[in-house]
1. Quick check on segment B:42-80: of everything there that is of a type in the set (Ser, Thr, Tyr) and within 7 Å of chain A (Cβ to nearest Cβ), which residue is farthest from A:Met315 (Cα to Cα)?
2. I'd like to verify a number: residues in segment A:319-372 that are more than 9 Å from chain B (Cβ to nearest Cβ), within 23 Å of the chain's Cα centre (by Cα) and of a type in the set (A, V, I, L, M), how many?
3. Given the conditions (1) outside any loop (DSSP other than H, G, I, E, B); (2) at pLDDT 95 or above; (3) over 30 Å from A:Trp317 (Cβ atoms), and given that A:Val228 satisfies all but one, which numbered condition is not satisfied?
4. Spot the failing condition for B:Ala240; the list is (1) open to solvent by 60 Å² or more (accessible area, probe 1.4 Å); (2) of a type outside the set (D, E, K, R); (3) at pLDDT below 95, and only one is missed.
5. Limited to segment A:373-387, what total is found for residues that are in a helix (DSSP H, G or I) and facing chain B (nearest Cβ under 7 Å)?
6. Would you mind stating whether B:Asn182 is within 26 Å of B:Asp37 (Cα to Cα) and not basic (Lys, Arg)?
7. Of the numbered conditions (1) in contact with a Lys or Arg (Cβ under 8 Å, 6 or more places away or on another chain); (2) exposed (fewer than 14 other Cβ atoms within 10 Å of the Cβ), A:Arg648 satisfies every one except a single condition; which is it?
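The values are calculated or read from the model by the stated rules, or taken from the named source; none is laboratory data. Computed from a prediction, not measured in an experiment: that's the story for all the values here. FYI the Cβ positions are ideal-geometry reconstructions off the backbone, even for glycines, and counts take in every protein chain you see. Side chains included, ligands, DNA and RNA excluded: accessible areas come from the protein's heavy atoms. Shrake-Rupley method; radii C 1.70, N 1.55, O 1.52, S 1.80 Å.
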Amino acid sequence: MFGRLGFDALPHDPVTIGGVVGGGLAVLGVVAAMTYFKKWGWLWRNWLTSLDPKKIGIMYIAVAVIMLLRGLADAAMLRAQQAIFATSASSPISPDLFQQVFSAHGTIMIFFVAMGVIFGLINLILPLQIGARDVAFPLLNSISFWLFVAGMVLINVSLALGEFSAAGWLAYPPLSGLEYSPGTGIDYWIWSLQIAGVGSLLSGVNFLVTIFTMRRKGMTLMKMPIFVWSVLGSMLLVAFAFPILTATLAMLSLDRTLGMHFFTSDLGGNPMMYVNLIWAWGHPEVYILILPAFGIFSEIVATYSRKKLFGYKSMVWAILAITVLSFTVWLHHFFTMGAGANVNAFFGIMTMIIAIPTGVKVFNWIFTMYKGKVSFKTPMLWFMGFAVTFTIGGVTGVLMAVPGIDYQMHNSLFLVAHFHNMIIGGVLFGVFAGITYWWPKFAGFRLHEGLGKAAFWCWLFGFWFAFIPLYILGFMGAVRRLDSYDPSLGWQGLFIVAGLGVMLILLGVFFQVVQVAYSIWKRKELAVGSDPWDGRTLEWATSTPVAEYNFAHLDAVQDRDAFWAAKQSKTKASTKFTDIALPKNTGTGAYVGAAAFVIGFAVIWHIWWLALLALLVLVGIVIASTLREDEDTEMIITAAEVAATEKRLRGAGA
Amino acid sequence: MSVLLVVIACLGTWLYLHDKNVAILNPKGIIASQQVDLMAFTLILSVIVVVPVFTMLGVIAWKYREGNPKATYEPDHEGSKWLEVAWWGIPIVIIAILSVVTWISTHELDPYKPIASDKKAVKVQVVALQWKWLFLYPEYGVASVNELKMPVGVPVNFEITADSPMSAFWIPNLGSQTYAMNGMSSKLSLRADKEGSYRGSNTNISGEGYADMHFQAVALKDQAAFDAWVADVKQDDASAYLDQDTYDELRKPSKKTPVTQYDGYASGLYDTIMHKYMPMDHAHKEGH
């Protein structure tokens, strides 16, 4: 009846029980508060069923921030183990648990933090920047979000029921095969990524179509804001790379559940094929995350320098070059697998070539400040920190791109330090800058500067304290993923410094939490208008808070920095309004997500009847949603309502 | 202030490290030495780009800060053909140089290429197990677990496989790691140039006991010392014989396996391990 699900699935060790109890209490507390204040209806009507990309974007970011806290808690456990317990005979964290924790840390940080926050910002900003009222497929967008949530819930359920993968964030077979990992851990990993991954793929297609078909009149491709270009590159990568992930996970799943032999060591299977496939997705994935961060920094540097972006065309070509090249370098993740010298040299050189367009972008950002009036608000500090951190990460990356050097550094802590250098220093700093920059557009007040700057300095110094020791440990021969090591090796001091670095980062996170809370409290004093930074692109042309329909008028744009140009020429907005059609709220996305969660859960525990039932329900929901008439899915905001809203949001002057 | 901090940090790091084995920067073999040189060259080439970038970043950010009355402001300044040609040109030249070096060094340091030597190389077959390393010396008929012996100055040609999840064989003082995989025999050629005992380990997670999976690579003074060790193992009453049953027992997952020496092993053991993972018909054709 319940497959392999039984009472023995409940956690046994005290650390996991603590995590489950803590997490469970937090969820219960929120549920109780929501019930007490009778907010469920409000939440359902205004948020969960909304097809408004602005609200979906905020929900993505909210989920990602909660997952960031979980990922950081995992990181703190890893650092504590390696700094304190690794050299002693006993530890509260068993080797198996330690391996689950680092597997969860990597998986969560990439799939449910970085991807979530990037998709969140794209949802918030992209439609506004291209001057549109919505995305191309609003319902599909909601379904993508709910599949992301379903994957996120599934990965967290593994804490309480069963176990998580202990095979690293990419779960190479044969370790991830049935012989060595018979439990549910790998299956949790597969299905949470599979479900979230399908959501990402659908989002990729959705945003591509949005960019190609929904730009404001007059906005040719070469007039698009650079953030839109970076999203275009990123979403092209999603559309081409995520099917590889889906297929690879499906094959691994078939190996595990139906006894097939795609990636087994025997009977004609080939684990090396898995390694190739997973990185054919995995390397583009890095650029899926970093390209939008590049776009964010391009917007920020231009705005805070009060100047046009330097070398727009170079920037566009650099983005496109990176997009294409990122599919030609995957083998550099396994130079040590024994490919011939010609193959390794080819992939090494292709990897270095990516440094060229990336370097061009750095130069262009620097020269955007040249002859500008640079205002060093918090987002600019994140940019400066990024420029230094990311460039140094680039140098260690070029080192490892040389196969002869990689043979030594591969899988050492040097590698671990390198990719954190890129992902923290690049992606994370980028989204922190972006959130600070765009916050007032949606909130109506800006975030407190002093607390933001305190958070920045903690993150920057914390990062270097946490990861310079790892670079050095790599040189000392320390490999990744060690739950124990011999004290005579002299590694412990460096691990302790790295642990202190993580504490500094946690202090930075604390400042960020306080910053948001304090800014909400002091929102009257921090209140700003619709264009607080003297912005250049169309998102700043909207009212604050942004009206549901984004723009009352869809006037053609004339210039690359459309809003800046409009401000210079003092164009007056018309006061004539027309009816606007927007999609109605629907619970379809949430139902699809719930069904997908049940399918994943049922397959993990081999509850076949339930999986089949949920699959039928999911297909039924999708078919039912296609049968609805236009009047059921669309609502009309009349011209009079638009006029009233504009008056309310823009004041009498509009 | 910040310069002082950097100096203190560097000094502290040096004080911490000066009596420790920073294996990669302290090469004891020909491959690891070449790799350090390659690393230094690449790093210098990168610094040539990075130093001007950081200088420009600092100078321009400072000069054009808001409120600096001496700076000019040109809001419509949006490019310069020559500067952009330079941005694309300089990195292209640097990467072109590095590409040539990469092509040559990748061929020179190809792990499959036996190190040229006038001495006869020693062949060692390596089997990654859960969670220990088995070393077979086919030309000498001895075997050992978790301790590798090799002569100084003589190339050692490794053949590496796994009877476990994918693992990786690495001795940082000597250079180049290589994956150990089921049903495949990876190759690696190393040469120790200095007597000593060097730590080696697995770098690829292979299950619960992964962190325990390290060994010592002992470089003996010369071929004669190595021959003497082989003779010792063969004479020592404590050395056991590694037959198929003993191997099957050894193969079972175990942690902290003590160093063990065998005065002989079942003939064709390495091939037997390899062929376990080959498709049935394939194995038959090859007569196993």
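1. The extreme case among them is B:Thr42.
2. Counting residues in segment A:319-372 that are more than 9 Å from chain B (Cβ to nearest Cβ), within 23 Å of the chain's Cα centre (by Cα) and of a type in the set (A, V, I, L, M) gives 8.
3. Every condition holds for A:Val228 apart from (3).
4. Exception for B:Ala240: condition (1).
5. 2
6. Working: within 26 Å of B:Asp37 (Cα to Cα): no; not basic (Lys, Arg): yes.
No: the conditions fail for B:Asn182.
7. Exception for A:Arg648: condition (1).
Here's the yes/no breakdown for (1) within 21 Å of the chain's Cα centre (by Cα); (2) over 19 Å from A:Ile472 (Cα atoms); (3) within 14 Å of another protein chain (Cβ to nearest Cβ); (4) buried (at least 24 other Cβ atoms within 10 Å of the Cβ):
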{"site": "A:Ala401", "(1), (2), (3), (4)": "no, no, yes, yes"}
{"site": "A:Ile405", "(1), (2), (3), (4)": "no, no, yes, yes"}
{"site": "A:His410", "(1), (2), (3), (4)": "no, no, yes, yes"}
{"site": "A:Leu413", "(1), (2), (3), (4)": "no, no, yes, yes"}
{"site": "A:Phe419", "(1), (2), (3), (4)": "yes, no, no, no"}
{"site": "A:Tyr437", "(1), (2), (3), (4)": "yes, yes, no, yes"}
